[in-house]
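The values are calculated or read from the model by the stated rules, or taken from the named source; none is laboratory data. Just so it is clear, the model here is predicted, and its values are computed rather than measured. Methodologically, a virtual Cβ is constructed for each residue, glycine included, from the backbone with ideal geometry; neighbour enumeration extends over all protein chains shown.
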């Protein structure tokens, strides 16, 4: 159930809501600004998960008349919003921590804070790993961003946990807002990385080198039947890959032969790269036989060969 995009988003929402309620209760009990900062982060996580849920529902819709290339880029938009929420959480924590340093409020019931941070860390670790697994299986940018967001909570919770342990034995309450500031810097870093990753998809950055190498390998292994290729262009929208290229065939090849080669290449590429749409434009060769390996009638009849 939770191995689909929708199921993973639902699980994430349940876990984040539970952690938010737990943190807000304990932050009121202890008066800890760092736990309150964690509560604020979890509150923003709820919005991030809701955005992810809506994005994965919309992104899997098939192409229609108004969206002939599908709805995959909705995931990138959701990732941008998540990045903005992460940055907002970091800014909120900085503001609250500075106020606490100025006011100098003490912390009580640190044991309760330590307990909730341990629960938060364990839940976040398990949830983040599961989201990454589903993101890899479904090639979902939105789930990957959500996993990144939850992963940030692990490190921030660990920092808060260490701070509460130190405060428990030293009574140095100033450590609480200082740790909150350090946590906020990490959260801001995660937010910036999330934003940058989403922008690459919105501006149609080409596929990774390893995937383009796979595409080229599919073509070059047929150089005994085709002449060459050029103008390879690749991009990605959500989990859907789009590839187009110009394929050079022997000048005397029939339409049927060219069509059969295109079908074969499309199937070969799609078998190596999931959810791929391939468009091929066929061109005749320029009879530069010294650049060709195809044993066609034109090349065989040339006395040079």
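Observations
Yes/no matrix, rows are residues, columns are (1) outside any loop (DSSP other than H, G, I, E, B); (2) crowded, with 20+ Cβ neighbours inside 10 Å; (3) modelled with pLDDT under 80:
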{"site": "179", "(1), (2), (3)": "yes, yes, yes"}
{"site": "182", "(1), (2), (3)": "yes, no, yes"}
{"site": "196", "(1), (2), (3)": "yes, no, yes"}
{"site": "210", "(1), (2), (3)": "yes, no, no"}
{"site": "224", "(1), (2), (3)": "no, no, yes"}
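- Pick from the stretch 137-177, criterion outside any helix (DSSP H, G or I) and farther than 20 Å from residue 84 by Cβ, ranking: nearest to the chain's Cα centre (by Cα): 139
- Given (1) surrounded by 15 or more Cβ atoms within 10 Å (Cβ to Cβ); (2) in the same structural domain as residue 276 (by TED's automatic domain parsing); (3) part of a helix (DSSP H, G or I), index of the condition residue 216 fails: (1)
- The sole residue among 247, 232 that is within 30 Å of residue 144 (Cβ to Cβ) and at pLDDT 85 or above is 232.
- Scan of the stretch 264-297 for residues that are modelled with pLDDT under 80 and under 21 Å from residue 217 (Cβ atoms), ordered by number: 274, 275, 291, 292, 293, 294
- Qualifying residue in the stretch 2-18 (condition: more than 27 Å from the chain's Cα centre (by Cα) and at pLDDT below 80): no
- Single match in 174, 255 (criterion: surrounded by fewer than 18 Cβ atoms within 10 Å (Cβ to Cβ) and within 30 Å of residue 116 (Cα to Cα)): 174
- Residue satisfying condition, being in contact (Cβ under 8 Å) with a residue 12 or more places away in the chain and either in contact with a strand residue (DSSP E or B) (Cβ under 8 Å, 6 or more places away or on another chain) or surrounded by 22 or more Cβ atoms within 10 Å (Cβ to Cβ) (or both), within set 158, 147: 147
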